[in-house]
Structures are given as structure tokens and as C-alpha cells.
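Quick notes on the structure that follows.
Every read-out reported here was derived from the displayed coordinates using simple, explicitly stated rules and does not represent laboratory data. The shown structure was predicted, so the numbers you read here are calculated from the model rather than taken from an experiment. As a convention, Cβ positions derive from the backbone with ideal geometry for all residues, glycine included, and neighbour counts pool all protein chains shown.
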Amino acid sequence: MLHIEFQGRRSHQPMSWRMLEYVSRLAVTYRLPLWSVVFYVGAGAGVDNTGRHEIQGLAAVAPLAWHYQVVRLWQTSAEEL
């Protein structure tokens, strides 16, 4: 399953938390392999987003980690697309 999001420079809820909600809902509902991508539009959008997030637990164990691909359209040439 391909999950695509488009995001500008601002979002009420941070993209990382939105993606966690979307990915978990899709995973539980469909139980299929999942590929999530965020396309950032507008200069500077998504500059700090690595697409890799985790919540630390006890003893440096990350009980929750989620990943998605980040594409900054404003940095991508037409040839790359």
C-alpha cells in the first residue's frame, strides 16, 4: 500500500506525529506492506524532518519507532522526479 502526504511549511500537528497516526491506522486496518512518503512543497518545508522517529523507553530501548520517506520537492530537480 502506498500512502502519500503533501505538506507545506506549516502544520498544526507536527508531521512526525501525524504520520504515526496515519501509518498505525493503515497498518491495523489493512495489514499489508506499507510505504509512506511525505512530499514537502515550498522552500524550507520539511528541512528538519528525517522521516525517522522513535520514543525512548526504559534502558535505552525504543518501544516505538516509525519511518517514512521524505521528499523535499523544492530541492528536487525535474530529472530526479
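Things to note:
- Total formal charge among the other residues, if their Cβ is under 11 angstrom from that of Gly44, Lys/Arg +1 and Asp/Glu -1: +2
- Extension gain for Gln69-Phe6 works out to 21.5 nm (0.36 nm per residue, less the C-alpha to C-alpha distance).
- Placing +1 on the Cβ of every Lys and Arg and -1 on the Cβ of every Asp and Glu, with nothing else charged, gives segment 2-75 a dipole about its Cα centre of roughly 120 debye.
- Full-stretch length increase - Leu81, Val41 - with 0.36 nm per residue and alpha-carbon distance subtracted: 13.0 nm
- Each of Gly44, Leu64, Leu34 was placed along the dipole of the chain (beta-carbon charges, centred on the mean Cα), and the one lying farthest toward the positive end is Leu64.
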